[in-house]
1. Are any residues in region 38-54 free of Cβ contacts under 8 Å to residues at least 60 places away in the same chain, under 25 Å from P192 (Cα atoms) and surrounded by fewer than 19 Cβ atoms within 10 Å (Cβ to Cβ), and if so, which ones?
2. Select the strands (runs of 3 or more DSSP E) contained entirely in region 1-56, then report the ones holding at least 1 residues which are over 15 Å from A191 (Cβ atoms) and within 15 Å of the chain's Cα centre (by Cα).
3. Against the definition (closer than 22 Å to T260 by Cβ and not aromatic (F, W, Y)), how does V153 come out, yes or no?
4. Can you spot a residue in region 225-234 that is of a type in the set (F, W, Y), within 11 Å of ligand 2 (Cβ to nearest atom) and open to solvent by 20 Å² or more (accessible area, probe 1.4 Å)?
5. Any idea which residue in region 94-112 is farthest from D58 (Cα to Cα), counting only those that are over 20 Å from the mean Cα position of the chain (by Cα), more than 10 Å from ligand 1 (Cβ to nearest atom) and not charged (D, E, K, R)?
6. State which residue pairs qualify: first residue within 30 Å of K132 (Cβ to Cβ) and within 16 Å of ligand 1 (Cβ to nearest atom) and inside region 278-295, second residue of a type in the set (F, W, Y) and open to solvent by 40 Å² or more (accessible area, probe 1.4 Å) in any location, beta carbons under 7 Å apart, and separation of 6 or more residues or different chains.
7. Would you check which residues across region 25-46 are closer than 18 Å to V120 by Cα and away from ligand 1 (no atom under 13 Å from the Cβ) and list them?
8. Please pick out the residue among V286, V243, V253, V236 that is over 20 Å from the mean Cα position of the chain (by Cα) and not polar (S, T, N, Q).
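The values are calculated or read from the model by the stated rules, or taken from the named source; none is laboratory data. Owing to the predicted nature of the structure, the values given are computational and were not obtained by experimental measurement. Counting neighbours? That spans all protein chains shown, and the Cβs are built from the backbone with ideal geometry, glycine included. Note: accessible area is taken over every heavy atom of the protein model, side chains too, but ligands, DNA and RNA are not part of it. Shrake-Rupley method; radii C 1.70, N 1.55, O 1.52, S 1.80 Å.
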Amino acid sequence: MNILVTGGAGYIGSHTCVALLEAGHSVIIADNLSNSKEQVVDYVQHISNKDVIFYKVDVTDEVALNEIFSRHLIDGVIHFAGWKAVGESVEKPLMYYMNNLVSTMLLAKVCLLYGVERFVFSSSATVYGDNKVPFKETMDLLPTTNPYGETKVMSERILTDIANANPAFSVSILRYFNPVGAHESGLIGEAPNGIPNNIMPYVTQVAKGKLEKLRVFGNDYPTLDGTGVRDYIHVVDLADGHVAALENLNEGVHTYNLGTGKGTSVLELLKAFEEANDIEIPFDIVDRRPGDIASCFADASKANRELGWTVKRDLIEMCRDAWRFEKNL
Ligand code: NAD
Ligand code: UD1
């Protein structure tokens with residue numbers, strides 16, 4: 001298939017491009033490089049030994065989208081492009097609603113116009129709010145604590161309504177848990193601007209000496225050791241989940257959790273990182289971070305069953321690959 005990957009120069013998008021190319025698909029990337037570098041496109045080609053077509057465009061630009069769709073015969077779209085910083089979304093809600101919602105609506109519009117029937121959307125476990133773990137796709141969604149999360153809930157609803165009104169338009173909504181790690185080549189990975197919000201890039205920067213110590217946000221949660229529990233998933237396994245979703249997409253709207261199904265506490269993650277890389281990570285326990293929940297992990301059985309997809313990489317590989325990438329930066 002010929003797949004348009006929006007946000008394909010980003011963290012998850014770049015790994016998914018590699019997975020698509022390795023599975024024999026062709027890739028067209030549309031990315032405005034607002035949170036990525038063009039060099040990533042070269043790395044994707046280098047790793048896969050295949051060419052990709054790259055457009056530096058903003059996917060909220062309808063004229064630019066029309067041009068891409070009229071130039072190429074596209075079989076499906078994977079829509080990663082969007083902004084994802086929770087704190088920034090609280091400060092600049094309009095910017096987040098504009099980018100994340102307008103991009104989704106315009107892409108769907110152009111797909112309908114050009115008869116593109118496969119649409120895969122990047123959603124997040126954040127849509128479950130503070131439900132009881134493990135999270136299942138059938139659960140009612142609870143309010144998220146920030147505009148970023150709301151853009152995911154709203155995009156899911158918009159795509160569902162569009163698919164219901166256009167039976168040939170098939171949508172796969174993928175709810176990611178916590179992607180970490182990097183490609184084993186060490187060439188592509190997560191390189192956030194400024195001080196990282198997410199734990200793994202923070203830990204790798206402490207390991208490198210760029211940051212002094214990790215602040216563990218709370219040790220009084222109702223979890224095994226009091227620290228927050230998350231479902232960390234290797235980004236390459238997550239990327240493979242997209243290929244499986246695309247290749248198994250039938251008519252209608254299908255929602256899948258992409259996680260390992262296993263919860264890991266902050267202290268367990270630190271221990272795994274220290275073991276995997278033989279580096280000590282200094283830390284302080286500080287107050288809880290506002291908006292955090294105690295536990296978030298998936299029931300991933302639907303994706304396992306219907307997509308024939310399971311994760312292959314464990315926590316040690318996630319920590320090893322994340323560190324290899326950081327060392328190369
Ligand atoms: P990322 O920032 O690395 O990648 C997003 C890419 O989209 C970047 O390359 C950026 O330049 C591009 N982009 C943003 N707005 C654009 C626009 N208007 N036009 C064209 N390109 C644009 O983020 P990521 O971690 O790879 O996340 C990809 C998607 O997955 C996002 O939608 C994100 O919300 C979602 N998601 C990420 C996580 C996570 O932990 N990383 C978790 C759940 C969901
Ligand atoms: C965060 C976002 C979520 C988003 C996800 C992936 C918030 C409130 N939630 O989720 O919407 O979908 O990232 O991008 O920002 N931790 C520390 N110290 C740190 C950083 C994190 O102890 O410096 C802890 C957190 O309290 C949490 C765990 O590590 O228990 C994971 O945090 P993080 O990587 O930020 O992911 P989420 O909180 O799951």
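1. So in region 38-54, the residues free of Cβ contacts under 8 Å to residues at least 60 places away in the same chain come out as 38-39, 41-42, 45, 48-54.
Applying the additional criterion that residues be under 25 Å from P192 (Cα atoms) yields 38-39, 41-42, 45, 48, 52-54.
Scanning region 38-54 gives E38, Q39, D42, Q45, S48, I53.
2. Strands (runs of 3 or more DSSP E) meeting the threshold: 2-6.
3. The answer is no for V153.
4. no
5. Step by step, filter region 94-112, then rank; the result is L112.
6. Matching pairs, first to second residue: R289/F217; D292/F217.
7. Hits for region 25-46 are H25, S26, V27.
8. V286
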